[in-house]
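Single-structure report; data block below.
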Amino acid sequence: MLLRMRHLYVFFLSLVILWMGLVCIFLSWPNSEGRRIWPRITTGHTLREARAVIPPDITKDDGNDMKTRQRSDEKDVYFLHQPDRPDEVVSVKKGFASVALRGDWPPEPIPNEPDFAVVRSLFNITNAGDGGLGFGIDPQKLPPEEQKKYNNALDVHAMNEYVSNLIGVRRRLRDVRMEGCAERYSSAGLPQTSIIICFVNEAWSTLLRLVHSIHDNTPPHLVKEVILVDDGSSWDFLGRPLDVYMARFPKVRIVRAKSGLGLMVARMYGYKYTTAPTITFLDSHCECLPGWLEPLLMPLVADPRVVTTPSIDAIDQNNYGITAGPEVMVGVVEFPSLTFNWRNPPPRERRRRTSNIEPIRNPAMAGGLFSITREYFDLLGGFDPGMKVWGGENIEMSFKIWMCGGRIETPVCSRVGHVFHKHASYSKIRQGAQEAGEANNARVAEVWMDDYKKYYYDEKKNGQFYKPGDVSERRRLRERIGCKPFSWYIENVYPEVAIPSDGVYSGELRNMATPNMCLDMMTSEEGKQPAMYLCHGQGHAQMFDMTDLGEIVSLGCCLRHRGGNVYVAKCTWSSESHIWEYKDKLISRHNNCLTVNATQHVVMEECSGKKSQQWTWNYHRPRRKNVLRIEEM
Ligand code: UDP
Ligand code: MN
């Protein structure tokens, strides 16, 4: 009897389990549109809770690549709609223009999402941003409710996200490559790459537009997978709705950090999921232009220690127009701050390049966008897990890439757009980013810069504010790989550098005619004129360095001679008017000498050797061999 009851009990229990199983299968079954039905999200079952649900395994590739994986009836149409909003179903032909639709959005409105019906009744938003052009609206014409969203979006994202939302999450981008690029690079024989994109509280539209741009402008067989690393975003729409949206891309995989890891650790977290022989990192607000990937991968085949970065085109933070930079620049690191900067190529590099589509070499890279072989990335120990939030990691990478046998090249034919915003949307949930960046720099100085670290710490008051933490592991890594000393990097990769108090001549500039007076830069404002002031011995604006190129630098600015006058100017490495000679106490250029005049200003006068043309510095060191000066080009 007891046994029979037990049987009955088991029978009913199985029925219940079977029923629950059937319900689950129904919910996850692809509907007629080929998409999964997502659970209707209501209060009580918030998106936030929903994102705790393990995302569907969307990495399983069916063997086809990203572009060809379309149902036969979708061959040249692309659907931008949701099954539950049939009135907004729109199909757009391939080779379509940009169309922004409610259907591109998650089922719940995202914060500050435009009311498309209202906006469309006021402005023509069809083709907004098509081709990569900018698009703007007059916010004054919006009704108050929409104006509020417009301003809110600006505030939260530090870019005009409202306008970004009016541009389709998928838009055509013009092929802006220079002549000869298309012929120079092909996808034949290139290795696959795994793309890693870390994001934290990225705007919906910019993140989606990036993934679509990869999909549209990349030979499918080159992309093994795209790993989106959610580094602890706090916004609901980046949870389950993003999973659902990305399910249409079989190669996209979203991995989520339980809490904010900071950029470097998040990248290493994403790296664990990669399988291709090369890795490509991108920021979460980029757009990849036609032909962007091939030039990044090709140099890696010939030399697995080459690291490539694209030409970064600015995506305007107000209208999302993509503009190619005026000229190819090189990435450098500035001393003593260790911040990254762009400059014109130095004469040495200009002479080395034989054509304007030849890859350019950089002493440093911006860091957000680059390709590297797995082999070299592993050898270099990836990113430093001791670094926090943001900053410094690009400088560490740059130094070690060069010092350990590789080089950083920009194949200028590769173009990727990037939104440069004023501040990041995650600054609210990532406190202390500034301090973290400095502590990260201190780690770079401790591990990679040998004696040169003093030039960083001088500025930072002996590092008392920024503690590098334990760097022993990273030092051991450097020793294990057997990398070159930092002085090798300076002398061979970056001999043009201006390091305060490490110039060929350096210190105070005193004039023989006015013994107690020193040349004072006074300001870093361009166009101002330096003058003589009482020597104060405090360095700063009275501290001058002559670089190996022949510039005279103070406060990070160059002394410029023009006509008979001398001005403060931004250093460029490319202007003849920044170059000087120092010989027999005379500071000259083409027989004109730096001279103190009656008003205690400095001017250019024909060299005569008089006292007011005689100058002394405190220190002198030999010139570096590898610098090519402008006159030697
Ligand atoms: N990021 C991240 N975790 C962080 C900080 C930043 O994943 O703690 C991401 C961020 O979303 C972006 C990338 O790292 O995709 C680079 O950050 P950002 O764009 O602010 O740097 P910038 O372009 O200003 O140098
Ligand atoms: Mn960025």
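The residues packed around residue 312, meaning those with a beta-carbon under 12 Å from its beta-carbon, carry a net charge of -2 if Lys and Arg are +1 and Asp and Glu are -1. Note on the stretch 294-432: the alpha carbon radius of gyration divided by the globular reference 2.2 N^0.38 Å gives 1.09. Loop-located GluC sites (Glu not before Pro) across the stretch 114-221 with a Cβ neighbour count of 11 or fewer within 10 Å are 179, with loop assigned by DSSP. When the scattering of the stretch 234-368 is computed by the Debye formula from its Cα atoms alone, each counted once and equally, what is log10 I(q)/I(0) at q = 0.22 Å⁻¹? Log10 I(q)/I(0), no solvent term: -1.59. Both numbers refer to the Cα atoms of the stretch 339-384; Rg and Dmax are 13.7, 36 Å.
Quick check for you: which residues of the stretch 494-515 have the amide N under 12 Å from the point 7 Å beyond the Cα of residue 341 toward its beta carbon? Answer for this model: 497-500. Subtracting the Cα-Cα distance of residue 147 and residue 8 from their residue separation scaled by 0.36 nm leaves 43.6 nm.
With K and R counted +1 and D and E -1, the other residues having a Cβ less than 14 Å from that of residue 396 yield a net charge of +3.
Pair-distance distribution P(r) for the stretch 475-633, from all Cα-Cα distances in 10 Å bins starting at 0: 11, 40, 32, 11, 5, 2, 0 percent.
Reported to the nearest whole Å, the Cα centre-to-centre distance from the stretch 510-532 to the stretch 381-430 is 38.
One chain, two ends: residue 621 and residue 354. Fully extended at 0.36 nm per residue, the span grows by 92.8 nm beyond their Cα-Cα distance.
Compared with the alpha-carbon gap, the fully stretched path from residue 275 to residue 428 is longer by 51.7 nm at 0.36 nm per residue.
For a paramagnetic label modelled at 7 Å from the Cα of residue 473 toward its Cβ, which residues of the stretch 423-454 fall within the zone defined by backbone nitrogen distances under 16 Å? Under cut-off, by backbone N: 440, 443-444, 447. Applying 1/(1 + (r/R0)^6) with r as the Cβ-Cβ distance of residue 605 and residue 183 and R0 = 51 angstrom yields a FRET efficiency of 0.40. Value of Rg to Rh for the stretch 501-558, rounded to two decimals, is 0.95; Kirkwood radius and Rg both from alpha-carbon coordinates. Basic side chains Lys and Arg get +1 at the Cβ, acidic Asp and Glu get -1 at the Cβ, and with that the dipole of the stretch 235-293 about its Cα centre reaches some 280 debye. Between residue 481 and residue 524, the distance separating the two model label sites (each 7 Å from Cα on the Cα→Cβ line) works out to 3.0 nm.
With a point put 7 Å past each Cα toward its Cβ, work out how far residue 533 is from residue 122 in nm, to one decimal. Between residue 533 and residue 122, the simple spin-label model gives 5.1 nm.
Here the Debye sum runs over all C-alpha atoms of the stretch 103-250 as equal scatterers in vacuum, and log10 of I(q)/I(0) at q = 0.11, 0.13, 0.15 Å⁻¹ comes out as -0.51, -0.70, -0.89.
Here the spin labels are modelled as points 7 Å beyond Cα on the Cα-Cβ line, and at residue 175 and residue 590 they lie 4.4 nm apart. Each Lys and Arg Cβ is given +1 and each Asp and Glu Cβ -1; about its Cα centre, the stretch 327-375 then shows a dipole of about 220 debye.
Evaluating 6.51 cos²θ - 1.76 cosθ + 1.60 at θ = phi - 60° for every residue in the stretch 248-261, the Karplus couplings come out as 6, 9, x, 8, 8, 10, 9, 10, 10, 7, 5, 9, x, 9 Hz, glycine and proline recorded as x.
Computed from the coordinates by the stated procedures, all read-outs in this text should not be read as laboratory data. Please read all numbers here as calculations on a predicted model, not as lab measurements. Positions of Cβ are generated from backbone atoms using ideal geometry, with glycine treated the same way; all protein chains shown enter the neighbour counts.
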